[in-house]
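Trainee: Sharing a structure here in structure tokens format.
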Amino acid sequence: MSENLAISIPWRRIAWITIISLPLAAVGAVVWGSTRDLSRYEARLADRVHKVTGRDIKTKVPISIRIGRDPALVAEGVTLSNASWGSRPDLAQVRKITMYLDPFALLLGEVRVGRVVLEGADILVEHNEVGDANLEMLPPPDGSGPRPYDNRSLTIKSNPAFPWIGTIEVKDSVLTIVESPGRTPLVLNVAEATFKSSASGQPMQMQARISAPRAATFDLSGGIGTFDGWMRGLPGNIDVQGSLGDGHVAIKGTIGAQKGTNLQITAEGSDFSVLGPYLRLPLPSGGPYAFTAKTLTLRNGFKVEVPSLKVGSSELAGEAMFRVSRSGTPYATVDVDASKIDLAGLHALPSATSQADGQAPQSRRFFPTQAFAARWLGRSQLTINARAAEITGLSNKVQNGSIALSASEKRFTFRGAASIGGGSAGFDLVYDPAGRLGLTTLTGTASHVSFEDLSALLGLDLGLKEMVGDIDLRLRGPGRAAHDALNAASGTIEFSAGKGMWPREGLAGWPADTQRLLGGNDGAPVNCLAGSFEVKGGIANLRRLVVDTPRAVVIGGGFTSFRNESWEFILAPEARDAHGTSLASPLRLKGGMARETTGALEPGLAKLLIGAGPVPSLAGTLNQIARQPNVNNACALMAPKVDGMRPGLRAQLPTPVVEQRDRPNRKANPAANRSRSRH
């Protein structure tokens, strides 16, 4: 009987009915979707978002429905309003939002969203001076609703449940994080990210691909708390791991109300510089690296510990403590202890601008422009202490290095000291904010220190190789930044050095005769040198320069401008033997930042430098001084005698031409100019 029943079913008829009904159903769904008025759904969504967050959501293009294999609601030009104190009107701007619908609910006339895709989102996360985040959203008080019956009283509503969507996908978006108004924002490009959770209060799983501009990519996955937790600034349990470039990173811990912040971060990789764009610090290139860091919320502040950091052969540890006083002043204390720093394994990165534009890097200024800036003085209290037991990678070992920085409401001090080879060096920078511009004082000393090592430690290019000598620097000038203080600095700089080599590149642009006189193709060997600068108004005038080489003794002088880093010198050589007499002609050198050195012989200066009567020999006098007992640097002893031996030298020394923009504007502020003239 069952066989007869099966044979009697009209399968052919059922197939034809199915083939005809499916297109009709699809056409009917398209017609239904095109005739639906979705404005009420849009208004309902905006009302629900306002009730939950207190923020307004708007769309530039009305929501439309897309019928297909995956029916969806599409909204374009969506914006979510920012906090009232925000730096821009919108917290988020989204180019396109696609909300995929449940097809069975759609056939029943009900709109249910199962998945949301955000494309081209521009999200800004920022903090104000108090520390509040714009992500902290609260429902509006009663009486602010759009309907009359909501106007009962100005009391805070309880948080209504947000209609959670199980899967949220983000593509081709940008996340900007601003921690404070004065800091550079962190910009993250979100290539793709997926967030899944069964409810807004349930654990949320993330899988994301994130990168900063011109930086290695983060690939992270794991649990990142809850959606509601992020909205309240207390995400919950965090357990994510993944890769950063070719390295590995893991973050695990809790950000909650009871335990506060307790996170542990571990990372390892081949190049330490990949972390720089994310920490917004100019970290050097080197590796392999491995570190462990902890962040803790204490009763009176926030603490960051780095128990271990290894980069190549370098090892250090440190901690930082942050707190805010009752008056709202931030306090920060940083302590760093390094058992070893290997400079040979650490390399500075090239300029990011030059990499992006494909151009040659710009010429670096010799003098720093932003090494010291006190415009923020008084807004925070900062203390930094760093110690290094050993620094290797230079021609001499550096030991017992220390740096101490202290910035309070009324004073800024920056001190450093170290033992370098058989000598020592130190500096002391003090800024006193009293007065309209304040006063910056810089003192520095170096005793029996390699100039090449000193250049590497200070990040300057002195151009001297294999020379060991002494430096005594004393400068003072008004200004609230290094550049301003140097532009008006006054003081003295005295230097002397023993045997070494003036590099070949340092002779570029010099007259050919002078290069042949001074020495070989690899540079000019130097027996000793000494001189002193008299600094006034940002101009360093070089007086009584003496340089002794195996084939000639050179004296001279000139100036260096701190304002535009231009310089000009005249040099008068005296040959040590008859073969070099024809090459020993006075010359003039000019150069500066982003300028090539140019030199020209000026034989006419020779007669202008000497006085009446016998002309003492420079080489003979220097040899006589060198034969005296206990003389370590004959050039340093001969320098004070140059004015007497060549009385016309000072009158021929070049002086800078004051540009119009450097001239004091007496008409603009006569009172200030009169005050300067009295001082």
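Trainee: Along the charge dipole of the range 461-546, which of Ala524, Leu545, Leu486 sits closest to the positive end, that is, farthest toward it, with unit charges on the beta carbon of Lys, Arg, Asp and Glu (+1, +1, -1, -1)?
Mentor: Farthest towards the positive pole: Leu486.
Trainee: Using 0.36 nm per residue of separation minus the Cα-Cα distance, give me the extension gain between Asn189 and Ala250 in nm, one decimal.
Mentor: On the way: separation 61, 0.36 × 61 = 21.96 nm, distance 2.00 nm.
Result: 20.0 nm gained on full extension.
Trainee: Show me, for the range 403-408, the HN-Hα J-couplings you get by feeding each phi into the Karplus relation (A = 6.51, B = -1.76, C = 1.60, θ = phi - 60°), rounded to Hz, glycine and proline as x.
Mentor: 9, 10, 10, 9, 10, 10
Trainee: Modelled label-to-label distance, Ser243 and Ser64, 7 Å Cα→beta-carbon offset: nm?
Mentor: Taking the two extended label points, one gets 4.0 nm.
Trainee: Per-residue HN-Hα couplings for the range 88-99, Karplus 6.51 cos²θ - 1.76 cosθ + 1.60 at θ = phi - 60°, whole Hz, x for Gly and Pro?
Mentor: Each residue of the range 88-99 in turn: 9, x, 10, 6, 9, 10, 10, 5, 8, 10, 10, 10 Hz.
Trainee: Through the Karplus equation 6.51 cos²θ - 1.76 cosθ + 1.60, θ set to phi - 60°, convert the phi angles of the range 623-630 into ³J(HN,Hα) values in whole Hz; use x for Gly and Pro.
Mentor: My calculation for the range 623-630 gives 5, 5, 5, 5, 7, 6, x, 6 Hz in order.
Trainee: What FRET efficiency comes out for the pair Val174/Asn623, r = Cβ-Cβ distance, R0 = 51 Å, nearest 0.05?
Mentor: Result of the calculation: an efficiency of 0.10.
Trainee: Once you place label points 7 Å from the Cα toward the Cβ at Val306 and Ile610, how far apart are they in nm?
Mentor: 6.3
Trainee: Find how much the distance from Arg48 to Ala133 grows on full extension, using 0.36 nm per residue of separation minus their present alpha carbon separation; answer in nm with one decimal. Write out the running numbers ahead of the final one.
Mentor: Numbers: separation 85, 0.36 × 85 = 30.60 nm, distance 2.18 nm.
Between Arg48 and Ala133, full extension yields 28.4 nm more.
Trainee: Please list, ordered by chain and number, the residues whose modelled amide H lies under 5 Å from the amide H of Ala552; skip anything fewer than 5 residues away on the same chain.
Mentor: Under 5 Å from the amide H of Ala552: Arg576.
Trainee: Taking square-rooted eigenvalues a ≥ b ≥ c of the alpha carbon gyration tensor, is the range 489-659 rounded, prolate or oblate, where a/c under 1.5 means rounded and, failing that, a/b exceeding b/c means prolate?
Mentor: Details: a/c = 1.38, a/b = 1.23, b/c = 1.12.
Rounded is the answer for the range 489-659, as its axis ratio a/c remains below 1.5.
Trainee: List every residue whose amide H lies under 5 Å from the amide H of Cys528, counting only residues 5 or more places away in sequence or on a different chain, with H placed 1.01 Å from N in the peptide plane.
Mentor: Asp548
Trainee: Once you've got the Cα coordinates, tell me which of Lys465/Lys641; Lys171/Lys196; Lys340/Lys465 are over 21 Å apart. Mind showing how you got there, number by number?
Mentor: Working: Lys465/Lys641 27 Å; Lys171/Lys196 15 Å; Lys340/Lys465 25 Å.
Going by Cα-Cα distance, Lys465/Lys641; Lys340/Lys465 fall outside the 21 Å limit.
Trainee: If R0 is 51 Å, what FRET efficiency do you get for Ala199 and Arg323 from their C-beta distance, rounded to 0.05?
Mentor: After rounding, the FRET efficiency stands at 0.90.
Trainee: While we're on this one: What residues qualify as long-range amide H neighbours of Thr261, i.e. H under 5 Å apart, gap of 5 or more or another chain, H built at 1.01 Å from N?
Mentor: Gly256, Thr297
Read-outs: derived from the displayed coordinates by stated rules, not from any lab. Small disclaimer: the values here were computed from a predicted structure and weren't measured. Every residue, glycine as well, gets a Cβ built from its backbone with ideal geometry; the counts of neighbours run over all protein chains shown.
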